[in-house]
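Structure first, commentary second.
The values are calculated or read from the model by the stated rules, or taken from the named source; none is laboratory data. Remember, it's a predicted structure, so these values are computed and weren't measured experimentally. Don't worry about glycine lacking a Cβ; one is built from the backbone with ideal geometry, like all the others, and counts go over all protein chains shown.
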Amino acid sequence: MMEREFTLSFEGLTEETSLALVRQIRCCEVVTPLSERAIATTYVRQSPTQPPADDLPLLLLHGFDSSVLEFRRLLPLLAEHRTTWAIDLLGFGFTERRPDLPFSPVAIKTHLYYTWKTLINRPVVLVGASMGGAAAIDFALTYPEVVSHLILLNSAGYSAGPMLGKYLFSPLDRWAAGVLARPKIRKDAALKAYHDPRFASDDAYHCGALHLTQPGWLAALAAFTRSGGYGSFKDQLKSLRPPTLILWGKSDRILGTQDALRFFQTIPHSRLVWIEASGHLPHLEQARETAKHILECL
C-alpha cells in the first residue's frame, strides 16, 4: 500500500473530537478498474490499545456530500473496543476527484471494494449512515462474503430518491450541485437534521464544509447527480445475508421514520432500535448510545 501526503486545514474547527479526527486522516493510493491511475483515497483507522482476540473490524460509510468527519464522535467510541475504519467514498469527502473518473453508485461500489481490499482485506461490520446506508446495502448485496454484519443508521435505500438528477444537463447539473455550497442552505439542512438545534454549531458547519474546497468537488457532485444516485433496493432486501441492525433517530425530519419499519419488515435477521432525542444523525447527536447498540449487536 502506497501512502500519499495529505494535509487539511483546521480552520473553523473548535471541538476536540473534530480536531482529533482531522489530524488522523490519512491518504493511500488505491488501484481500481475505474482508471489506469490509482485513486488517492482518504480514510481514518483507530484501534483499541488491546484488541480483542476476535477483532472483527468496523467500516463506517458517511452520507451524501459528507466525509469521514461525520464520524468524529462515534468512531473513537467504537475504536475503544474494536479496530474501526472510516473511508471517504468516491466523489465525496477528501478522496481524489479527477475528470477521468466516473461518479455513480456503481463506481462508488467498485472503488469501495478495492479500497477494502487494499486496506483491510478481511470481513467487516459495515456501518452506513443515510446515503452511506444505501451504499452499504448495495455493497453487501454484491459482496456478501465481505460483510459479516450490516448496520444501517437512518439509511437511504428503501424509498426511491428523486429522478430529477438524470435529466439535469450542464449547466443545470452544476447549478443544482452548486446550491449545496451556499452557507445558508447548508446551515438550514443541518438544523433540520438534528433533534436538538444546539448540535448545528459553527464547528459542525465547518466539519460539513471542509471538503467543499477540494479540487473537482462541484464537477463530481454534478456527475453523481446526473447518474440518478441511489434508488430503491426494496425488491432485493430479502436477499441480504448478514444479520442487520437498524438504528433510527426517532425525530428524523430528513427521511422520516416509515422506512425504518419497512427495512425491519423486509430484511431477514434484522432488528430495529429507535434512538430517542435524535434526528437524522444519531451517530452525532447520540453517539454513546449509538456506539453501545453497535457493539452489543456484535
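What the table below lists for this structure:
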quantity: Flag if I108 is in contact with a Pro (Cβ under 7 Å, 6 or more places away or on another chain), in contact (Cβ under 8 Å) with a residue 12 or more places away in the chain and either over 21 Å from R288 (Cβ atoms) or surrounded by 20 or more Cβ atoms within 10 Å (Cβ to Cβ) (or both); calculated: no
quantity: The range 210-254, residues that are closer than 13 Å to L141 by Cα and in contact with an Asp or Glu (Cβ under 8 Å, 6 or more places away or on another chain); calculated: F233
quantity: Every residue from the range 18-52 that is among the basic types (K, R) and either more than 20 Å from H62 (Cα to Cα) or in contact (Cβ under 8 Å) with a residue 12 or more places away in the chain (or both); calculated: R26, R37, R45
quantity: Residue within the range 57-71 that is out of contact with any strand residue (DSSP E or B) (no Cβ under 7 Å at 6 or more places or on another chain), in a helix (DSSP H, G or I), modelled with pLDDT of 95 or more and aliphatic (A, V, I, L, M) present; calculated: yes
quantity: Close pairs from the range 201-227: first under 15 Å from F64 (Cα atoms), partner β-branched (V, I, T), Cβ under 8 Å, at least 6 apart; calculated: L210/V22
quantity: Residues satisfying the stated conditions in the range 263-277, i.e. surrounded by fewer than 22 Cβ atoms within 10 Å (Cβ to Cβ), within 23 Å of L298 (Cα to Cα) and either in contact with a strand residue (DSSP E or B) (Cβ under 6 Å, 6 or more places away or on another chain) or of a type outside the set (D, E) (or both); calculated: F264, Q265, T266, P268, H269, S270, R271, L272, V273, W274
quantity: Condition check for F233: modelled with pLDDT of 95 or more, surrounded by fewer than 21 Cβ atoms within 10 Å (Cβ to Cβ) and not small (G, A, S); calculated: no
quantity: Unique match (being under 17 Å from A287 (Cβ atoms) and either surrounded by fewer than 20 Cβ atoms within 10 Å (Cβ to Cβ) or of a type in the set (K, R) (or both)) among E29, E70, E36, E80; calculated: E80
